[in-house]
1. Going through 82, 148 one at a time, which residue ends up being closer than 16 Å to residue 65 by Cβ, surrounded by fewer than 14 Cβ atoms within 10 Å (Cβ to Cβ) and either touching a residue at least 24 places away in the same chain (Cβ under 8 Å) or within 12 Å of the chain's Cα centre (by Cα) (or both)?
2. Exactly one of (1) surrounded by 14 or more Cβ atoms within 10 Å (Cβ to Cβ); (2) modelled with pLDDT of 95 or more is unmet by residue 133. Its number?
3. In contact with a Phe, Trp or Tyr (Cβ under 8 Å, 6 or more places away or on another chain) and either under 24 Å from residue 146 (Cα atoms) or modelled with pLDDT of 90 or more (or both): which single residue out of 73, 66 fits that description?
4. So is residue 76 touching a Gly at 6+ places or on another chain (Cβ under 7 Å), of a type in the set (Phe, Trp, Tyr) and either under 18 Å from residue 158 (Cα atoms) or outside any loop (DSSP other than H, G, I, E, B) (or both) or not?
5. Since residue 109 meets every condition but one in (1) more than 26 Å from residue 56 (Cβ to Cβ); (2) assigned to a strand (DSSP E or B); (3) out of contact with any Asp or Glu (no Cβ under 9 Å at 6 or more places or on another chain), which condition does it not meet?
Amino acid sequence: MKYPAIAKVAATVFLLALPASVYAQGVSPATPQVGSQTALLDGHYQGMFVCEKLPVTPMFLRAPLDIIVLGNDVRFARPMFNPEGNRVLGTEMASGMLAADGKVLFTSKGNGLNATFVGSYSGTLSVAGGTLTGTQVFTSPNGSRTRNCHAAFVKTGA
């Protein structure tokens, strides 16, 4: 993984962003909930996020991806780069919901560099890992650009 420190920081940010009620009940993110079909999916996943080249970028995007699952709450983080792809500008943080059948939907929003950003992704999680597909839409004074993205990931911890 090219940027493991960034991915670990992003995962930690997500863990800290979990609702206080989770910790107030004495339940850690790694503790399965009895009776929950999604409890087996709880944990940390890591993988690779790949998106098509935009007209303003020299090549396609390839970035590390971290996913945290706790019950039906699912979040992911990946670094966002400048158009040249050589400097991290921030982190895309997406949140979503996990269905009992393992299907997941993520959404993200952000802005920077005189543009707004909206991401929408869907896929399937299993105890081994999963895949996502989706789109990113960038809107600036120069117009709007959309690109397709794909991700593959494996479960790395409870």
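The values are calculated or read from the model by the stated rules, or taken from the named source; none is laboratory data. Note that this is a predicted model, so its numbers are computed, not measured. All Cβ positions, glycine included, derive from the backbone under ideal geometry; neighbour counts span all protein chains shown.
1. 148
2. Residue 133 satisfies all of (1) surrounded by 14 or more Cβ atoms within 10 Å (Cβ to Cβ); (2) modelled with pLDDT of 95 or more except (1).
3. Within the list 73, 66, the selection yields 66.
4. no
5. Among (1) more than 26 Å from residue 56 (Cβ to Cβ); (2) assigned to a strand (DSSP E or B); (3) out of contact with any Asp or Glu (no Cβ under 9 Å at 6 or more places or on another chain), residue 109 violates only (1).
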